[in-house]
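Computed from the coordinates by the stated procedures, all read-outs in this text should not be read as laboratory data. This is a predicted model, so every value here is computed, not measured. No Cβ is skipped: glycine too gets one built from the backbone with ideal geometry, and neighbour counts run over all protein chains shown.
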Amino acid sequence: MAVMVTGGAGYIGSHAVKRLLEEGETVVAVDNLFRGHAEAIDALGAVKPGTLHFSETDINDKAAIVDLMTRHSVDTVMHFAALAYVGESVTEPLRYYRNNAAGALSLIEACDEVGIQKLVFSSTCATYGEPPKVPMAEDTPQSPINPYGWSKLHVEHILKDYAEACRVAGKPFAYAALRYFNVAGSDPETLIGEDHEPETHLIPVILEAALGTRDKIMIFGTDYDTPDGTCIRDYIHVCDLIDAHVTVMNALKPGDERFYNLGIGKGYSVREIIESVKRVTGKEFTVEEADRRPGDPAQLFADPTKINTELNWSASFTDIDEIVRTAYRWFESHPNGYTG
Ligand code: UDP
């Protein structure tokens, strides 16, 4: 049996591939390489004891996905392939609905054709929109405020209806929707890492400023209703995030439908992240205060109680400096990403 990892050449998907290979799994990584990196797949080829098969395939190509699933006896899918820029989703919503919603629908149709038994879906706290309160548990109303969040919520709904139809038909299907908070850090061995073009995420942007590949960092908004006036987010290490995926995948039993928020349960402000990067790198850099970025809620952090009590899972990286340190190691050793 094998695990298909969609988006396997991307930041989060590649960390999933590495972990599954280390667990001895046969992994079928698929990626259209639009934002994924062939270099990540090359690096992952050496990870043992599992076996890696890679195919440059788009998840919208149902026939190709069915063929891969059949040839490699795939029984489980981890679905990461998606576009993930909130701002871009506002200016290009159709692209987000095509890639994230229609792409997932096509993938789920392929799963149905082949009889896939487990699917772990990469969802997001963006499905909650502006939360009425923090920390956020899984029963927070889901009311997205941008097309990215909607595109992911649509997939949660498709999975819910499909799982119910499977239950009625007696088909052994189970799924989990994992709602990520801010994913950060990189593989501590720096075999793979975070390489986005364009890069807009806070920790990589600050590290680029610290390393001198960017002239300054802008704080988007200093007048939020938070202790230091800047936005608060919950940063979960990518390896912890993947550890949670493996835990959930192993726990899924036929007929299961699970939802978990993935965060560490503690929020850090933009200023606190800047201070952490200064401590970790020992470097000074220019910080400028700028206007708020449209669509940014003041505070987002998870209540991780559900996964903790149901699956006895919690994040192992709880110190922000440790998370930033793994990201720093990657950016220091790969100042130009995978190309250098
Ligand atoms: N942020 C910032 N400057 C930057 C990038 C991000 O002040 O150059 C802030 C952003 O406004 C948000 C937080 O950092 O409050 C995290 O942003 P990021 O884009 O990393 O993740 P998001 O929470 O939007 O998914």
- Message: Can you tell me, using C-alpha contacts under 8 Å and at least 6 residues apart, the relative contact order of the stretch 208-271 as a whole percent?
- Response: 39
- Among beta bridges that DSSP assigns inside the chain, antiparallel share in %, nearest 5: 5
- Message: Among A176, L202, L252, whose Cα projects farthest towards the positive end of the dipole of the stretch 153-287, with charges put on the beta-carbon of Lys, Arg (+1) and Asp, Glu (-1)?
- Response: L252
- Query: Just F80, F317, F301 to compare: in a GNM of the chain, with alpha carbon springs under 10 Å, which one fluctuates most?
  - Reply: F317
- Item | Spatially near lysine pairs across the stretch 90-200, Cα under 21 Å, sequence gap of 8 or more or different chains | 5
- For the stretch 274-289, take each phi angle, set θ = phi - 60°, evaluate the Karplus expression 6.51 cos²θ - 1.76 cosθ + 1.60, and give the result in whole Hz per residue in order, putting x for glycine and proline. 4, 5, 4, 5, 5, 5, 5, 8, x, 10, 9, 7, 7, 10, 10, 8
- Task: Would you work out the relative contact order for the chain, in percent, from Cα pairs under 8 angstrom that are 6 or more residues apart?
- Result: 18
- Message: Using only the alpha-carbon atoms of the chain as identical scatterers, what base-10 log of I(q)/I(0) does the Debye formula give at q = 0.08, 0.09, 0.13, 0.14 Å⁻¹?
- Response: -0.35, -0.45, -0.98, -1.15
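What is the calculated FRET efficiency for T213 to R292, with r their C-beta to C-beta distance and R₀ = 30 Å, to the nearest 0.05? Mind dumping the intermediate values first?
Working: r = 26 Å, r/R0 = 0.85.
It comes out at approximately 0.70.
With r defined as the distance between the Cβ atoms of R279 and H157 and R0 fixed at 35 Å, what FRET efficiency is calculated, to the nearest 0.05?
Working: r = 43 Å, r/R0 = 1.23.
The computed FRET efficiency comes out at 0.25.
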- Taking placed amide H atoms and a strict 5 Å upper bound, the residues 5 or more places from A2 or on another chain that come that close are V74, D75, T76
- List the trypsin sites (Lys or Arg not before Pro) in the stretch 168-222 that DSSP assigns to loop (not H, G, I, E or B) and whose Cβ has at most 10 other Cβ atoms within 10 Å. Which are they? none
- Using the Karplus curve 6.51 cos²θ - 1.76 cosθ + 1.60 with θ = phi - 60°, work out ³J(HN,Hα) for each residue of the stretch 8-20 in order, rounded to whole Hz, and write x for Gly and Pro. x, 9, x, 4, 6, x, 5, 5, 5, 4, 4, 4, 5
- Query: Over the stretch 223-340, what relative contact order in percent results from Cα pairs under 8 Å that are six or more residues apart?
  - Reply: 38
- Message: Per residue of the stretch 255-260, what does 6.51 cos²θ - 1.76 cosθ + 1.60 with θ = phi - 60° give for ³J(HN,Hα)? Whole Hz please, x for Gly and Pro, Karplus curve as stated.
- Response: x, 5, 9, 10, 10, 9
- For M218, other-chain or 5+-apart residues with amide H closer than 5 Å (H placed, Pro excluded) are E288
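If you place +1 on the Cβ of every Lys and Arg and -1 on the Cβ of every Asp and Glu, how big does the dipole about the Cα centre of the stretch 1-159 come out, in debye to the nearest 20?
Details: 11 positive and 20 negative charges, 39 e Å.
Rounded to the nearest 20 debye, it is 180 debye.
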- Considering the dipole of the chain built from charges on the beta carbon (Lys and Arg +1, Asp and Glu -1) around the Cα centre, which of V287, Y328, I232 is farthest to its positive end? I232
- Note on the structure: Listing H237, H15 by rising number of other beta-carbon atoms within 10 angstrom, fewest first, gives H237, H15
- Subtracting the Cα-Cα distance from 0.36 nm times the residue separation, let me have the gained length for E332 to E56 in nm, one decimal. 96.5 nm
- Starting from the Cα of K266, draw a straight line to each of the aspartates and glutamates and keep only those under 14 Å, dropping any in the same chain fewer than 8 residues away. D234, D303, D319, D321
